[in-house]
Amino acid sequence: MDFLTLNDIIIHPLLSGPISLLFVTGIIGCAYTISKRFSKEEPSTPVFCTTFFIITGLIASTTFILVLLGQAILISLKILGGLICIVGCCFIYSHFSLLFSLGKKFLHVFRSQRLTFKIDIVLILLLVLILFFICFSPPTDSDSLCYHLGFPLEILRNGSLPIRNDWLHIHLCGLGEYINLLGLAVGTDNLGSLFQFIGMLIICLLFLTELKSKKDKLLSLMLFLSTPILLFFVPSQKPQLIGVAAIFTVLITFTPDKVCTKKKLFLTIGTLFFALSLKYSFYIFGSILWLYLGYRAIRHTLVRPFLLYSFIFYMIFLFPIHVTNTLAYSDPISPLGKALLFSTSHFHEHNFYVLLKSFKEGFGLPLGLLIPSSFGSISTTLGIGVLLILFIKKTNRSYRSFQYLFLLGMIFNWLFGQRTSRFYLEAYCLSIILFSVSPVIRAGINSFIHIVRIQLVITILLATLGVYTLFPGSFSFAKRDTVLTKSAYEYSAMRWLDSILPKNAFIISEFHTTAFLPRPFISENYETLLLQNRTELLDLLHTDNEERDYYLITKGEIDSTHILFNYYDRNNIKTRQLTRGTRNPFNNTSYTLYVYPIDILQFMGDHSDKT
């Protein structure tokens with residue numbers, strides 16, 4: 001049987017988007033129905049949003065348990081995903097008239113607004129519409145094609161949870177990748193990006209319903225939607241924007257002027273633990289926010305419910321991940337636990353952590369929050385909105401706790417997180433809340449708003465370029481292949497490898513992309529793993545009894561320091577000049593792909609006594 005790649009999973013590019021939309025609508029329908037019964041009336045926006053996050057987490061956790069039990073056969077996942085899509089169809093059918101009436105209500109309100117207000121609303125809606133279409137494009141960014149989709153795809157190849165020490169990126173996976181797994185099972189590879197879009201909409205919806213003045217609502221939407229980093233987040237399968245939305249929902253549900261109740265605690269703690277289950281990076285701000293919820297619970301004598309709900313949702317969302325990582329890798333937060341407790345036996349994990357921690361985009365921080373270093377790094381910045389705090393004249397005393405949250409979030413992200421703009425989006429959204437409740441410095445504020453409006457227009461133009469570049473890939477397999485060849489990270493290399501390698505080939509890869517690798521592979525950390533535990537590497541190389549030809553693929557020529565330098569056939573090296581592939585045309589660079597036939601028998605013989 002041919003090795004399964006991402007292109008083999010897709011039902012059809014034209015159907016992929018609608019399937020994702022039905023899936024998300026199914027969860028929205030469940031959340032609306034349950035939150036309505038939970039509230040015994042029309043649910044408030046925070047109640048609906050928190051219910052949505054908890055249901056999404058329960059679906060992802062259920063999928064994870066199926067994988068752990070070895071029941072991740074394609075048919076069982078198709079049934080689960082299909083049922084959710086059917087719920088989505090039913091919800092659209094039964095609530096179509098409601099959607100229509102909401103549209104009429106919006107048009108009525110829109111007509112009564114002054115011209116400048118109408119222009120801002122049109123710009124906002126235009127950007128939202130453009131980003132909506134981008135969601136349905138094929139995945140192209142490097143992390144999505146490495147582990148956000150590569151890991152779910154590996155589950156489908158094996159029918160069970162892959163335990164791999166050569167591929168450390170999959171140790172970073174959380175429940176978000178199990179949502180992507182359900183998407184792949186029903187034939188779509190853009191479900192993750194639609195969840196990113198929904199996360200963006202939830203933040204916008206909360207600004208609209210929870211802020212008081214019309215002016216604050218509009219400015220908040222402009223500040224949030226104009227940030228160029230959304231151009232990176234929305235098309236990605238990375239479950240980050242949905243996690244930011246979950247954390248923001250907790251923040252705006254528990255603003256200092258709102259009462260703490262058991263129901264609020266239950267919903268917000270569930271939402272917070274869902275966010276924690278998505279990515280390790282949410283542990284930083286999420287832990288601070290959990291302590292804040294504990295502080296609010298103490299003040300309202302709700303300590304027991306707070307601890308009980310924390311335990312329940314930890315067991316549902318985080319415990320399965322932690323216990324699995326402990327059993328598989330002896331580290332509940334693999335590979336970060338071993339990396340932080342650095343010893344000579346864990347240098348593999350430590351080097352990986354250093355690589356992640358030292359990663360930066362553009363100018364780095366703090367300048368990189370505000371301006372890009374080049375046209376190619378525009379989507380790595382938060383933009384002019386980071387200067388918002390300079391216009392706060394006097395902080396609202398009742399919101400002092402939120403000021404501390406903001407400062408602690410910034411400090412701990414700086415100390416423990418990656419120093420890239422994407423890890424500061426929660427703090428950025430919190431600064432918008434602080435701005436909306438505080439007296440502001442009037443001098444210069446109008447000019448600042450005009451600059452925000454200009455940034456919004458620039459973001460619209462860049463998003464339009466994204467639609468023009470990527471959206472045609474959702475029409476047919478031929479156009480999808482054209483878009484992927486031009487814009488998907490390392491895709492052209494994967495196509496060429498598929499054309500030259502024999503069917504029995506086994507790849508030793510130094511490439512980041514795994515979702516389109518055409519043959520079984522060992523991932524990019526193989527060389528470091530070899531230095532740590534050669535026996536384990538040899539076991540990975542010899543995965544089955546089938547006779548195989550082994551190939552090392554690299555970007556650039558290897559030298560005598562390479563661990564496999566003495567084991568390749570110098571007469572049969574293949575090379576090809578290729579472009580990297582990127583959504584942003586200003587980032588596209590070329591490289592030379594080298595394919596080295598490896599004499600694996602000699603290698604194994606020379607290292608048979610090494611451990």
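Structure data summary
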read-out: Single residue of the range 27-66 satisfying the filter (part of a helix (DSSP H, G or I) and among the basic types (K, R)) that is nearest to L194 (Cα to Cα); value: K36
read-out: Given (1) open to solvent by 10 Å² or more (accessible area, probe 1.4 Å); (2) more than 25 Å from P372 (Cβ to Cβ), index of the condition T188 fails; value: (1)
read-out: Matching residues in the range 93-112 - criterion: being under 18 Å from L205 (Cα atoms) and hydroxyl-bearing (S, T, Y); value: S101
read-out: Pick from the range 453-507, criterion of a type in the set (F, W, Y), crowded, with 17+ Cβ neighbours inside 10 Å and more than 19 Å from T579 (Cα to Cα), ranking: modelled with the lowest pLDDT; value: F506
read-out: Residue list for the range 543-568, filter: in contact with a Pro (Cβ under 9 Å, 6 or more places away or on another chain), among the acidic types (D, E) and over 21 Å from A493 (Cα atoms); value: D544
read-out: Any hit, the range 241-251, residues being modelled with pLDDT of 95 or more and in contact with an Asp or Glu (Cβ under 6 Å, 6 or more places away or on another chain); value: yes
read-out: The range 488-506 residues that are over 9 Å from P518 (Cα atoms) and touching a residue at least 60 places away in the same chain (Cβ under 8 Å), paired with ones that are among the aromatic types (F, W, Y) and not in a strand (DSSP E or B) (beta carbon under 6 Å, 6 or more apart); value: E490/F511; Y491/F516
read-out: Residue list for the range 522-547, restricted to those being surrounded by fewer than 19 Cβ atoms within 10 Å (Cβ to Cβ) and at pLDDT 70 or above; value: E547
read-out: Test: residue in the range 264-284 that is modelled with pLDDT of 95 or more and either part of a loop (DSSP other than H, G, I, E, B) or touching an Asp or Glu at 6+ places or on another chain (Cβ under 6 Å) (or both); value: yes
read-out: Residue that is least open to solvent (accessible area, probe 1.4 Å) [pool: residues in the range 551-587 that are assigned to a helix (DSSP H, G or I) and hydrophobic (A, V, I, L, M, F, W, C)]; value: F565
read-out: Looking only at the range 154-177, and only at residues there that are farther than 19 Å from K279 by Cβ and of a type in the set (A, V, I, L, M), the one that is surrounded by the fewest Cβ atoms within 10 Å (Cβ to Cβ); value: I163
read-out: Condition met for K238 (in a loop (DSSP other than H, G, I, E, B), touching a residue at least 24 places away in the same chain (Cβ under 8 Å) and surrounded by 24 or more Cβ atoms within 10 Å (Cβ to Cβ)); value: yes
read-out: F132 being open to solvent by 30 Å² or more (accessible area, probe 1.4 Å) and closer than 27 Å to H12 by Cα; value: yes
read-out: Hits in the range 205-227 - residues which are open to solvent by less than 10 Å² (accessible area, probe 1.4 Å) and not aromatic (F, W, Y); value: L206, S220, M222, L223, L225, S226, T227
read-out: Selection within the range 588-611 - in a helix (DSSP H, G or I) and either touching a residue at least 24 places away in the same chain (Cβ under 8 Å) or farther than 19 Å from E547 by Cβ (or both); value: I600, Q602, F603, M604, D606
read-out: Helices (runs of 4 or more DSSP H) wholly inside the range 331-441 that include at least 1 residues being of a type in the set (K, R) and within 30 Å of L208 (Cα to Cα); value: 400-416
read-out: Number of the condition not met by W414 [criteria: (1) among the hydrophobic types (A, V, I, L, M, F, W, C); (2) within 23 Å of the chain's Cα centre (by Cα); (3) more than 19 Å from F285 (Cβ to Cβ)]; value: (3)
read-out: Every pair of residues 6+ apart whose Cβ atoms lie under 6 Å, when the first sits in the range 36-51 and is closer than 11 Å to T271 by Cβ while the second is in a helix (DSSP H, G or I) and open to solvent by 40 Å² or more (accessible area, probe 1.4 Å); value: T51/I34
read-out: Qualifying position, being over 30 Å from P335 (Cβ atoms) and either touching a Gly at 6+ places or on another chain (Cβ under 9 Å) or without any contact (Cβ under 8 Å) to a residue 12 or more places away in the chain (or both), among I298, I316; value: I298
read-out: Some residue of the range 127-134 being closer than 24 Å to C30 by Cβ and part of a helix (DSSP H, G or I); value: yes
read-out: Residue check, V87 modelled with pLDDT of 90 or more, hydrophobic (A, V, I, L, M, F, W, C) and surrounded by 13 or more Cβ atoms within 10 Å (Cβ to Cβ); value: yes
read-out: Subset of the range 288-314 (residues that are open to solvent by 60 Å² or more (accessible area, probe 1.4 Å) and either of a type in the set (S, T, N, Q) or not in a helix (DSSP H, G or I) (or both)); value: H300, T301
read-out: Complete set of residues in the range 409-446 that are more than 20 Å from G243 (Cβ to Cβ), open to solvent by less than 20 Å² (accessible area, probe 1.4 Å) and of a type outside the set (S, T, N, Q); value: L434, F435, I445
read-out: Members of the range 1-26 that are in contact (Cβ under 8 Å) with a residue 60 or more places away in the chain and assigned to a loop (DSSP other than H, G, I, E, B); value: D2, F3, L4, T5, I10, I11, H12
read-out: Pair list, Cβ < 6 Å and 6+ apart or interchain, from the range 194-216 residues that are in a loop (DSSP other than H, G, I, E, B) to residues that are open to solvent by 10 Å² or more (accessible area, probe 1.4 Å) and at pLDDT below 90; value: L211/S436
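Rundown of residues vs (1) at pLDDT below 80; (2) farther than 26 Å from G70 by Cβ; (3) in contact with a Phe, Trp or Tyr (Cβ under 9 Å, 6 or more places away or on another chain); (4) open to solvent by 50 Å² or more (accessible area, probe 1.4 Å), yes/no style:
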{"site": "F319", "(1), (2), (3), (4)": "no, no, no, yes"}
{"site": "L327", "(1), (2), (3), (4)": "no, no, no, yes"}
{"site": "S330", "(1), (2), (3), (4)": "no, no, no, yes"}
{"site": "L340", "(1), (2), (3), (4)": "yes, yes, yes, yes"}
{"site": "F347", "(1), (2), (3), (4)": "yes, yes, no, yes"}
{"site": "V354", "(1), (2), (3), (4)": "yes, yes, no, yes"}
{"site": "K360", "(1), (2), (3), (4)": "yes, yes, no, yes"}
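Residues checked against (1) open to solvent by 70 Å² or more (accessible area, probe 1.4 Å); (2) modelled with pLDDT of 90 or more; (3) not polar (S, T, N, Q):
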position: L6; (1), (2), (3): no, yes, yes
position: H12; (1), (2), (3): no, yes, yes
position: G17; (1), (2), (3): no, yes, yes
position: T25; (1), (2), (3): no, yes, no
position: C30; (1), (2), (3): no, yes, yes
position: C49; (1), (2), (3): no, yes, yes
position: T63; (1), (2), (3): no, yes, no
position: I79; (1), (2), (3): yes, yes, yes
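The values are calculated or read from the model by the stated rules, or taken from the named source; none is laboratory data. Bear in mind the structure is a predicted one, so any value in this text is a computation, not a measurement. Heads up, the Cβs are rebuilt from the backbone with ideal geometry, glycines too, and the neighbour counts pull from every protein chain shown. Remember, those area values only see protein heavy atoms, side chains included, never the ligands or the DNA or RNA. Shrake-Rupley method; radii C 1.70, N 1.55, O 1.52, S 1.80 Å.
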